[in-house]
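Student: A single structure is presented below for examination.
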Amino acid sequence: MLSAQVAIVILNWNGKKYLEKFLPSVMASGYADMEVVVADNASTDDSVAWLQEVYPAVRIIRLPVNYGFAKGYNEALKQVQSQYYVLLNSDVEVCPGWLDPMMKLMAADDTIGACQPKIRMYGNKSCFEYAGASGGWLDALGYPFARGRVFDYCETDEGQYDDITPVFWASGAALLVRAELYHRIGGLDEFFFAHQEEIDFCWRLQLAGYKVMVCPPSVVYHVGGGTLPKGNEWKVFLNFRNNLVMLAKNLPWSQLIWKIPVRFMLDAVSAWKSLLEGQGIYFKAIMEAHIGFVGWVLIRRKKSIFPVSRKGELHGWYHGSVVWQHFVKGRKHFSEIVGSKK
């Protein structure tokens, strides 16, 4: 039996300060048929005790260990019966009525599997935020970028990406997805632990024949980097390793056999550049990521999740190189890159 039409599920790990700050906005979302769930990833702070005292209406799912983002959500969502899930980071402030435009969009088209709101920075609310901006894209070599964010450059939101449109990936910071589809295609790949698992999920969703959308009339504000700060060795390792694993899982062999070697070369250039600049941790993390990827190929590949078919059309796929456009040509804006032929 469904508990609510949509369950907003917040994965928490030692995030009491974020729950205190942002849960009030979630509770005031204003959607008539919703449930708020906090899945606690074995926090060692007093998050759970605080929730029980201050928000007794919030359902708490207590996980026995810190499973990370991917497995944490998979384990939690096995216990949530709803038509739709929202995977919402604890460091996200939502606006009143933010759910309505996305729910109307999903209800109007059953070929839409998932969507995201427009995501701006909490610390600078006029700018797009790194983790999704106004919808994610992927370039030919697997580098993610977004409408409003290219690598570390985030544009000011002036309404330039306000169209409701298909994209390649929707941000895991605020991801609305059909519950039945989430489970049918295997949820998030648990090998990833955290970082880029939502891109892999959206890729598989598209290959299965469903669209991923961005719905800019819905707006949220994201702090970002709350659990793993930028430059953290584990975060760098996960990003580089998981990106390679994602390519190996989802690309056809005709592309895979040359794109993986090219990526190894480009990653190595980035690693050596960092080492020469005195960032030894970054260099070490990339080398470990390559070793981790090779280990996955040798040991884990058969256990990974693959799409049932490749019938779907990929949206938000840039056939050029965003690395070339950004670092060589000096183009910072999404619109400059996707509109370029050179």
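Student: Do you know which residues across the stretch 81-102 are of a type in the set (A, V, I, L, M, F, W, C) and surrounded by 21 or more Cβ atoms within 10 Å (Cβ to Cβ)?
Tutor: Residues satisfying the conditions are Val86, Leu87, Leu88, Val92, Val94, Trp98, Leu99, Met102.
Student: Determine, yes or no, whether Gly30 is at pLDDT below 95 and out of contact with any Cys (no Cβ under 8 Å at 6 or more places or on another chain).
Tutor: Numbers: at pLDDT below 95: yes; out of contact with any Cys (no Cβ under 8 Å at 6 or more places or on another chain): yes.
Here the answer is yes, as Gly30 does meet what is asked.
Student: Find the residue count for the stretch 107-129, including only residues that are in contact with a Phe, Trp or Tyr (Cβ under 9 Å, 6 or more places away or on another chain) and buried (at least 21 other Cβ atoms within 10 Å of the Cβ).
Tutor: Residues in the stretch 107-129 being in contact with a Phe, Trp or Tyr (Cβ under 9 Å, 6 or more places away or on another chain) and buried (at least 21 other Cβ atoms within 10 Å of the Cβ): 10 in total.
Student: Just one of the numbered conditions (1) surrounded by fewer than 20 Cβ atoms within 10 Å (Cβ to Cβ); (2) at pLDDT 95 or above; (3) among the small types (Gly, Ala, Ser) is not true of Ser218; which one?
Tutor: Here Ser218 clears every test but (1).
Student: Somewhere in the stretch 221-233, is a residue over 14 Å from the mean Cα position of the chain (by Cα) and under 23 Å from Ser82 (Cβ atoms)?
Tutor: no
Student: Another question about this same structure. In the stretch 97-119, what residues are charged (D, E, K, R) and more than 17 Å from the chain's Cα centre (by Cα)?
Tutor: Correct list: Asp100, Lys104, Asp109, Asp110.
Student: Further question on the same structure: Which of the residues belonging to the stretch 26-69 are without any contact (Cβ under 8 Å) to a residue 24 or more places away in the chain and of a type in the set (D, E, K, R)?
Tutor: Answer for the stretch 26-69, where residues must be without any contact (Cβ under 8 Å) to a residue 24 or more places away in the chain and of a type in the set (D, E, K, R): Glu53, Arg62.
Student: Say we look at the stretch 221-236 and pick out the residues that are in contact with a strand residue (DSSP E or B) (Cβ under 8 Å, 6 or more places away or on another chain) and assigned to a loop (DSSP other than H, G, I, E, B); which of these is modelled with the highest pLDDT?
Tutor: Val223
Student: Hey, can you tell me all the residues within the stretch 142-161 that are over 18 Å from the mean Cα position of the chain (by Cα) and either within 29 Å of Ser254 (Cβ to Cβ) or crowded, with 16+ Cβ neighbours inside 10 Å (or both)?
Tutor: Within the stretch 142-161, Glu155, Asp157, Tyr161 qualify.
The values are calculated or read from the model by the stated rules, or taken from the named source; none is laboratory data. Every value quoted in this text rests on a predicted model; they were computed, and no experiment measured them. Don't worry about glycine lacking a Cβ; one is built from the backbone with ideal geometry, like all the others, and counts go over all protein chains shown.
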